[in-house]
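The values are calculated or read from the model by the stated rules, or taken from the named source; none is laboratory data. Here the structure is a predicted model, which means the values were calculated and not measured. We place every Cβ from the backbone using ideal geometry, glycine too, and count neighbours over all the protein chains shown. SASA here: full protein model, heavy atoms, side chains in, ligands and nucleic acids out. Shrake-Rupley method; radii C 1.70, N 1.55, O 1.52, S 1.80 Å.
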Amino acid sequence: MPEGDSLYKIAQALGCLRGGAVMSLVSPLPEMADAVDRAPGTWVAEVEARGKNLLIWLSAEAAGEPSHAIYTHLRMSGSWHLYRPGSDWRKPSSRARVILSVRDADGRDWRAVCFNAPTVQWLTAFQVRRHPVLSTLGPDLLADAADFDAMIARLRVDPRRALGDAIMDQRLVAGIGNVYKSELLFMQRLDPFRAVGDCDDGTLRRLLESARTWMRRNLGPGRRRTRWDHGRRTWVYDKSGQPCGKCGDAIRMRRQGDLGRSTYYCPRCQGVGGEAPERETRRRRLVVRGPAPD
Ligand SMILES: [Zn+2]
């Protein structure tokens, strides 16, 4: 499932379209009707990952200012594939949401195909700046200069919130998905149900630095992994009931946060008590607008 590093890899892969001419855009979605009309004849100005969001920016002139963006959020099911004309697609064409045909700067033709994405939008640059998701994203873990102080400040907006819930909130810190959440908290030996307010700045910083390190390490080819020994790729994610790779105790899973996302953990290594701390896992709405105050 796509997490922040997956989106960076997709943006890297689609980077070959940068500077290319848009030949056509095909989409069955009514909300993309304007894009189908307006994208041909434009140029791909940039392919940008922001947290778990992808923006393909288009400009009216070659090397011009981007005026529109194809915005996708892939959530659990979506993907972008890059094909040469005539090559076989790895998913049925009935699942294609956007087919962007581009002739690159070297004259090669490409089809960038977005499958199954639940969110596909055609936005002006102004709409991107005002977008309810994009405009409230927290600092990006994979940005060139990651702003850990700003991330910590945002995490502290609600000190009662559980760590495993807070670090998944893209308005506080952008990039961490469900796999990284469980793996990072295990590797840092942190209780996912502990309140953010019970963690000092050093603990939060180490957790975020570790997130950045692992996500950057996974930007290369191959499947995402946070573990290398004995051919295993993960420590706790999706391993409920299996023995912990460090202490041998059974790994457990508990649902957490507004969306009830699964959190895998080792009770012994992470010092998690037996009973679910309900006050930390109950549904809670948190509104964050703009940067946290100093
Ligand atoms: Zn353990």
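Here are some notes:
- Anisotropy class of the chain from Cα gyration tensor, a/c 1.5 cut: prolate
- Along the axis of the charge dipole computed for the chain (Cβ charges of +1 for Lys and Arg, -1 for Asp and Glu, origin at the Cα centre), the listed residues Gly231, Thr42, Gln170 are led at the positive end by Gly231.
- Solvent exposure of the range 148-281 as accessible area per residue, Å², 1.4 Å probe: 44 Å²
- Around Val179: net Lys/Arg minus Asp/Glu count, Cβ-Cβ under 9 Å: -1
- Theoretical FRET efficiency, 1/(1+(r/R0)^6), r = Cβ-Cβ of Ala143 and Val36, R0 45 Å, to 0.05: 0.90
- Two-site FRET efficiency, Asp249 against Ser87, from Cβ-Cβ distance with R₀ of 51 Å, rounded to 0.05: 0.60
- Rounded, prolate or oblate (a/c below 1.5 giving rounded, otherwise prolate when a/b exceeds b/c) for the range 148-281 by Cα gyration tensor: oblate
- These residues, Arg75, Arg154, go from largest to smallest accessible area, 1.4 Å probe, as Arg75, Arg154.
- On the chain, 48 percent of the accessible area sits on carbon and sulfur atoms, based on a 1.4 Å probe.
- Cross-link partners of Lys246 among lysines (Cα-Cα below 20 Å; sequence separation of 8 or more within a chain): Lys181
- Per-residue 3J(HN,Hα) values for the range 70-85, derived from phi via the Karplus relation 6.51 cos²θ - 1.76 cosθ + 1.60 with θ = phi - 60°, read 8, 9, 10, 10, 8, 6, 7, 10, x, 7, 10, 10, 10, 10, 8, x Hz in sequence order (x marks Gly and Pro).
- Rough spin-label spacing in nm, given labels placed 7 Å along Cα→Cβ, for Arg261 and Phe126: 3.4 nm
- Karplus-derived 3J(HN,Hα) values for the range 220-230, using 6.51 cos²θ - 1.76 cosθ + 1.60 with θ = phi - 60°, are x, x, x, 6, 5, 8, 10, 8, 10, 6, 6 Hz; glycine and proline are entered as x.
- Taking the DSSP bridge list for the chain and keeping only pairs wholly inside it, about 100 percent are antiparallel.
- Calculated FRET efficiency for the pair Arg216/Arg160, C-beta based, R₀ 25 Å, to 0.05: 0.20
- Full-extension gain in nm, Arg268 to Asn116, via 0.36 nm per residue minus C-alpha separation: 50.8 nm
- Amide proton proximity set for Thr119, modelled H, under 5 Å, gap of 5+: His73
- Phi angles of the range 166-183 translate, via the Karplus equation with coefficients 6.51, -1.76, 1.60 and θ = phi - 60°, into HN-Hα couplings of 5, 6, 8, 7, 5, 7, 9, 8, 9, x, 7, x, 5, 5, 4, 3, 5, 5 Hz per residue; Gly and Pro are given as x.
- Helical mean residue ellipticity (222 nm; -39500 (n - 2.57) per DSSP H run of 4+; nearest 500) of the chain: -6000 deg cm²/dmol
- Look at where the Cα atoms of the range 231-255 and of the range 19-76 average out, and the two centres are 41 Å apart.
- Surrounding net charge for Arg38, when Lys and Arg each add one and Asp and Glu each subtract one, Cβ distance under 15 Å: -4
- Rg(Cα)/(2.2 N^0.38 Å) for the range 4-136, N = residue count: 0.96
- Point-charge dipole on Cβ atoms (K/R +1, D/E -1) for the chain, about Cα centre, debye to 20: 1060 debye
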